[in-house]
Every structure is written in structure tokens, then in C-alpha cells.
1. List the residue pairs whose Cβ atoms are under 9 Å apart, where the first residue sits in segment 104-125 and is without any contact (Cβ under 8 Å) to a residue 12 or more places away in the chain and surrounded by fewer than 16 Cβ atoms within 10 Å (Cβ to Cβ), the second is of a type in the set (A, V, I, L, M, F, W, C) and in a loop (DSSP other than H, G, I, E, B), and the two are 6 or more positions apart or on different chains.
2. Taking the criterion of being without any contact (Cβ under 8 Å) to a residue 24 or more places away in the chain and either farther than 28 Å from Ala115 by Cα or of a type in the set (Lys, Arg) (or both), would at least one residue in segment 40-49 satisfy it?
3. Yes or no: Asp84 more than 13 Å from Ala24 (Cβ to Cβ), touching a strand residue (DSSP E or B) at 6+ places or on another chain (Cβ under 9 Å) and free of Cβ contacts under 8 Å to residues at least 40 places away in the same chain?
4. In segment 51-79, what residues are under 12 Å from Gly92 (Cβ atoms) and at pLDDT below 95?
5. Does segment 25-37 contain any residue that is buried (at least 17 other Cβ atoms within 10 Å of the Cβ), farther than 16 Å from Phe116 by Cβ and of a type outside the set (Ser, Thr, Tyr)?
6. So, in segment 10-24, of the ones that are surrounded by 16 or more Cβ atoms within 10 Å (Cβ to Cβ) and among the hydrophobic types (A, V, I, L, M, F, W, C), which residue ends up farthest from the chain's Cα centre (by Cα)?
Amino acid sequence: MSIMQVHPLRLVPGDDLRAAVEDALHQRALRAAFVIQGIGSLSVASLRFAGAAVPAELHGDLEILTLAGSVSPDGAHLHMSIADANGQVFGGHVAHGCTVRTTAELLLALLPQHAFSREPDAATGFMELVVRGMPKADSA
């Protein structure tokens, strides 16, 4: 039986979105989690668009429309879509440097019976998610 723990998380102005998600896993000494969803606002969004080598920085009043991804001790793999003040939507990989403007509200699914890692994948050429089960504790 797999146990999932749900953990709501609220970030405050000035928080780095990705760093806060990664810290949430480390603070609980866990090795696997998913960000199920997130909403809120940013003053800076650092997104790596598809096929780009480096993230682009967007500044202004930005709304988080969607946020989801996996988190391992190796770091977070998050995707986010945001809208600017004109309603134009951008999306991509979340990089460090996304700065919370007023709030960010996230729901984390903590998976204590699993261990995630990122390892080279010969088929894709990228560091990809590897999922392992954690050994169960012996009952006395």
C-alpha cells in the first residue's frame, strides 16, 4: 500500500518559488514529492522555454495559472504557465529566480515510500526521473 501525504504550502512576497518547493522536501527529509497544483502571483518569472538553453526573465504583475511537477533531492522539475497584465500567457520550465509578488499557494503530494532521482537517459539525452520504492520498515 502506498501512502501519500498532502501538504499545502503558502509562499510569501520575495520567496523564490523553486527554492521554496525544494526546501519543503529537504525540511521533511523526504526523497519524493509532486507539486499537484499552484496559483498565485510573481513579480519575476524565470522560465526556460522549450528548446532554449537558458531561462528568460519576465518582469511585472504576473499571475500563476498552473504549476505542477516532480521534486527529488536532485531538485525540482516544474512546469508553469503565467499570464501578464495584458493576459498574454507564457509557459515553460521553472528556473530559480521566480519571485513571489503577493502569494503563491501550492499543494504538495509527499511520497514517503518512494525515492526520486534524476539520472542520464540515453534515449533522451537528458537527466530524467527515476522512481524507486523505499524499503518498508520492519514491524516489531
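1. Pro120/Phe126
2. Of all residues in segment 40-49, those without any contact (Cβ under 8 Å) to a residue 24 or more places away in the chain come to none.
Looking for residues that are without any contact (Cβ under 8 Å) to a residue 24 or more places away in the chain and either farther than 28 Å from Ala115 by Cα or of a type in the set (Lys, Arg) (or both), one finds none in segment 40-49, hence no.
3. yes
4. Gly51
5. Scanning segment 25-37, I find no residue that is buried (at least 17 other Cβ atoms within 10 Å of the Cβ), farther than 16 Å from Phe116 by Cβ and of a type outside the set (Ser, Thr, Tyr), so the answer is no.
6. To start, the set of residues in segment 10-24 that are surrounded by 16 or more Cβ atoms within 10 Å (Cβ to Cβ) comprises 11, 15-18, 20-22, 24.
Checking which are among the hydrophobic types (A, V, I, L, M, F, W, C) leaves us with 11, 17, 20-21, 24.
On the way: Leu11: 13, Leu17: 8, Ala20: 9, Val21: 6, Ala24: 10 Å.
Here the residue is Leu11.
The values are calculated or read from the model by the stated rules, or taken from the named source; none is laboratory data. What you see is a predicted model; the values in this text were computed from it and never measured. When we count neighbours, we look across all protein chains shown, and the Cβ atoms used for this are built from the backbone with ideal geometry, even at glycine.
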